[in-house]
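Quick notes on the structure that follows.
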Amino acid sequence: MDNDLFSKYRSEVSEVMDCIRQIFKALRVSSSQFEKELGLSAAQIFVLKKLKEEPGLSINDLADRTTTHQSSVSVVVKKLEEQGLVLRATSQEDSRRVVVSLSIAGDQKLNEIPRTVQEQMTDSLLQMPPEKIQALSNLMKEFVQSAGIAEKV
């Protein structure tokens, strides 16, 4: 680490790290609260809510709507299916395609669920001017890549 550079930007680096910690804490606290109270993770709730908005999505569609990797969504859907909250079926339009929908129990469970931190953050981003969203996206991608923590796809 370049100590002169760190000294010069100590305040800014500290603010960025504080923001990252706040995001992680909000996600962790929210997730553990939902798991304790409802028996569902934040990711599971997010998928249920997307299925309420758009019934009959494929795993790839769900991954796109939740801005999550397809393999992660697949694991979430499997757990929701095991709990009887979602159903998988062959698409009526394309018999090669499997779609996921809420079950009656899943729809009822949604009535107990408040807004998630992910929804609040997504809504907040969408209220920003498009050029700020693009700039933040570019900076975050550059940051995770340079920090060596970018996912290898």
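The values are calculated or read from the model by the stated rules, or taken from the named source; none is laboratory data. Keep in mind that what you see is a predicted model, and the values were worked out from it rather than measured. Virtual Cβ from ideal backbone geometry, glycine too; neighbours counted across all protein chains shown.
Quick look at the numbers
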| read-out | value |
| --- | --- |
| Any hit, the stretch 4-19, residues being in contact with a helix residue (DSSP H, G or I) (Cβ under 9 Å, 6 or more places away or on another chain), in a helix (DSSP H, G or I) and touching a residue at least 24 places away in the same chain (Cβ under 8 Å) | no |
| Subset of the stretch 104-134 that is closer than 23 Å to residue 36 by Cβ and small (Gly, Ala, Ser) - its residue that is surrounded by the most Cβ atoms within 10 Å (Cβ to Cβ) | 106 |
| Qualifying residue in the stretch 6-17 (condition: among the β-branched types (Val, Ile, Thr) and modelled with pLDDT of 90 or more) | yes |
| Contacts under 8 angstrom Cβ, first residue in the stretch 134-148 being among the basic types (Lys, Arg), partner outside any helix (DSSP H, G or I), 6 or more apart | 141/150 |
| Among (1) basic (Lys, Arg); (2) in contact with a strand residue (DSSP E or B) (Cβ under 9 Å, 6 or more places away or on another chain); (3) within 19 Å of residue 49 (Cα to Cα) - the single one residue 79 does not satisfy | (2) |
| Flag for residue 72 being in the same structural domain as residue 49 (by TED's automatic domain parsing), among the polar types (S, T, N, Q), closer than 20 Å to residue 39 by Cβ and out of contact with any Phe, Trp or Tyr (no Cβ under 8 Å at 6 or more places or on another chain) | yes |
| Criterion violated by residue 23 - all others in (1) part of a helix (DSSP H, G or I); (2) surrounded by 14 or more Cβ atoms within 10 Å (Cβ to Cβ); (3) touching a residue at least 40 places away in the same chain (Cβ under 8 Å) satisfied | (2) |
